[in-house]
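Novice: Before we start, here is the structure in question, set down as structure tokens.
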């Protein structure tokens, strides 16, 4: 009985992913052979994506667009403001603009490498992008790539002489 339930859940998950792939105009057959596309459809418009050719981009794309790991499709209340903290290359912000085209989306990405890619998505999908880290208090941070070159593995660490501005979460102002 347990095996049948797991199989059933897996099939439902794959159906959801296939439905979301169609929603964004993406070809999807299976995870193992999937490659993130160079373009998606967002609110009827073709959006050309820019991102580094890194293994992590595949998993980020799958999670945000096809698996809807953040539950954007199930939000029923009108959403006016969305904060994307640690926005990386902007996949979440693009998906957020798809589901909530009139919402104000602010994306914060301190990694200059990822920020360059996110800027392309920001211009096309009309979300605001900031080259800053966000934390419990303001200050400066430096970037730590955790022995990985994948941009989605970058972390910040407190550093009074760091080159990246960190702003306090409570200071973020919706609508600004």
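The values are calculated or read from the model by the stated rules, or taken from the named source; none is laboratory data. A quick note: this is a predicted structure, and the numbers were derived from the prediction, not measured. With ideal geometry, Cβ positions are generated from the backbone for all residues, glycine too; neighbour counts draw on all protein chains shown.
Novice: Counting only residues that are modelled with pLDDT under 95 and either under 15 Å from the mean Cα position of the chain (by Cα) or under 22 Å from residue 114 (Cα atoms) (or both), how many does region 24-34 have?
Specialist: The total comes to 1.
Novice: Please determine whether any residue of region 21-44 is surrounded by fewer than 19 Cβ atoms within 10 Å (Cβ to Cβ), without any contact (Cβ under 8 Å) to a residue 40 or more places away in the chain and part of a strand (DSSP E or B).
Specialist: Yes.
Novice: Residue 46 is checked against (1) within 16 Å of the chain's Cα centre (by Cα); (2) within 19 Å of residue 119 (Cβ to Cβ); (3) at pLDDT 95 or above and fails just one. What number does that condition carry?
Specialist: Every condition holds for residue 46 apart from (1).
Novice: Quick check: anything in region 81-91 in a helix (DSSP H, G or I), modelled with pLDDT of 95 or more and crowded, with 19+ Cβ neighbours inside 10 Å? Before the answer, list the steps.
Specialist: So in region 81-91, the residues in a helix (DSSP H, G or I) come out as 91.
The next check asks that each one be modelled with pLDDT of 95 or more; those that pass are 91.
Imposing the further condition that a residue be crowded, with 19+ Cβ neighbours inside 10 Å reduces the set to 91.
Yes, that holds for at least one residue.
Novice: With the requirement that a residue be in a loop (DSSP other than H, G, I, E, B), surrounded by 15 or more Cβ atoms within 10 Å (Cβ to Cβ) and at pLDDT 95 or above, what does region 52-69 give you?
Specialist: So in region 52-69, the residues in a loop (DSSP other than H, G, I, E, B) come out as 52-54, 67-69.
Then keep just the ones that are surrounded by 15 or more Cβ atoms within 10 Å (Cβ to Cβ); that gives 52, 54, 67-68.
Within region 52-69, 67, 68 qualify.
Novice: Another question about this same structure. Return the residue satisfying two criteria in turn: it lies in region 151-166 and is assigned to a strand (DSSP E or B) and at pLDDT 75 or above, and of such residues it is surrounded by the fewest Cβ atoms within 10 Å (Cβ to Cβ).
Specialist: Among them, the one singled out is 165.
Novice: Go through region 1-20 and count every residue that is surrounded by fewer than 16 Cβ atoms within 10 Å (Cβ to Cβ) and closer than 26 Å to residue 102 by Cβ.
Specialist: Selection size over region 1-20: 2.
Novice: Out of the residues in region 97-147 meeting the condition of being part of a loop (DSSP other than H, G, I, E, B), in contact with a helix residue (DSSP H, G or I) (Cβ under 8 Å, 6 or more places away or on another chain) and within 17 Å of residue 86 (Cβ to Cβ), tell me which one is modelled with the highest pLDDT.
Specialist: 127
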